[in-house]
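The values are calculated or read from the model by the stated rules, or taken from the named source; none is laboratory data. Being a predicted model, the structure only gives us computed values, none of them experimental. Neighbour counts run over all protein chains shown; Cβ positions are idealised from the backbone, glycine included. Side chains included, ligands, DNA and RNA excluded: accessible areas come from the protein's heavy atoms. Shrake-Rupley method; radii C 1.70, N 1.55, O 1.52, S 1.80 Å.
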Amino acid sequence: MRVLVTPDYQTLSQTAAELVARAMRAKPGLVLGLPTGSTPLGMYGNLVRMHRDLHLDFSRAQTFNLDEYVGLAPDHPTSYHAYMRRHFFDHVNIAVENIHMPNGTLGIDVDAETKSYEQAIEDAGGIDLLIVGIGANGHIAFNEPGSSFASRTRVVNLEPETIANARQHFSSEAGVPRTAITVGIRTILDARRIVLLASGALKADAVERASRGPVSEAMPASALQLHPNVIAILDEAARRF
Ligand code: F6R
């Protein structure tokens, strides 16, 4: 895993957006894997600006989000669907039919949903460039510690720590999701190129273990060491080595 340390979150965000923009220009039909959370917000902001000011063209790009909470319909304000519309999709010229996100609506056939999600990735020709954040516990997408490296898209139980982090975005305790649909570790490793983004001191320990520690299912992000084309873009605070 190559590691690029940038001085601050702003530079991290700009660097990540430029990397995506370069890949988009090289292949207009790029297939992207996309995360949510606080870390990629700056990257999305920069991509929106590049679309507006530099005509960065998303019209042929396809996107696959990495995860979604179970129990939240796509129009729920704290769903990842809503996050993506608010921070990215509504501000660029991406074609609605090229946007793919797991559907976590209660009552849907989750088995069919997870299978068709994997199938859609395959039909798109696989993910060219996958951007991923990291949890302080080492999760990537919602593959919590203990997830099999052979895992694919499925429903998972979130760790108490992950639920606690999500709580701030929900108005009632009862509404806080405890399960999610996530792409698997194998799905992530199948991407041709992976960019890991990490910002802040709270991530430093996980980043160090992911990039230099033993490769183990106890530390999901360590699976990235098995991939030949990964770059971790950090800010100074997220670096411990
Ligand atoms: C979100 C996701 C999660 C986050 C991780 C870090 O789609 O897959 O794995 O990337 O929890 O979240 P932030 O960026 O909020 O620290």
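Annotations
- Fraction of alpha-carbon pairs over 29 Å apart in the chain - percent: 22 percent
- Solvent-accessible surface of the range 2-238, taken per residue with a 1.4 Å probe and all protein chains present: 43 Å².
- Solvent-accessible surface of protein heavy atoms, probed at 1.4 angstrom with all chains present, puts Ser211, Ser59, Ser171 in the order Ser171, Ser59, Ser211, largest first.
- GNM top mover of Ile163, Ile131, Ile181 - the chain, alpha-carbon springs below 10 Å: Ile163
- Counting every C-alpha pair in the range 79-144, the share spaced more than 13 angstrom apart comes to 75%.
- FRET efficiency for the Asp205 to Gln168 pair, using the beta carbon distance and R₀ = 22 Å, is estimated at 0.55.
- In the range 2-238, the DSSP beta bridges split such that about 25 percent are antiparallel, to the nearest 5.
- P(r) histogram, all alpha-carbon pairs of the range 1-73 included - 10 Å bins from 0, percent: 18, 47, 29, 7
- Oblate is the label for the range 132-212. Its Cα gyration tensor axes, ordered a ≥ b ≥ c, give a/c of at least 1.5 and b/c at or above a/b.
- Within the accessible area of the range 24-95 (1.4 Å probe), percent carbon and sulfur: 54 percent
- The value of relative contact order for the range 2-238, using C-alpha pairs under 8 Å at least six residues apart, is 24 percent.
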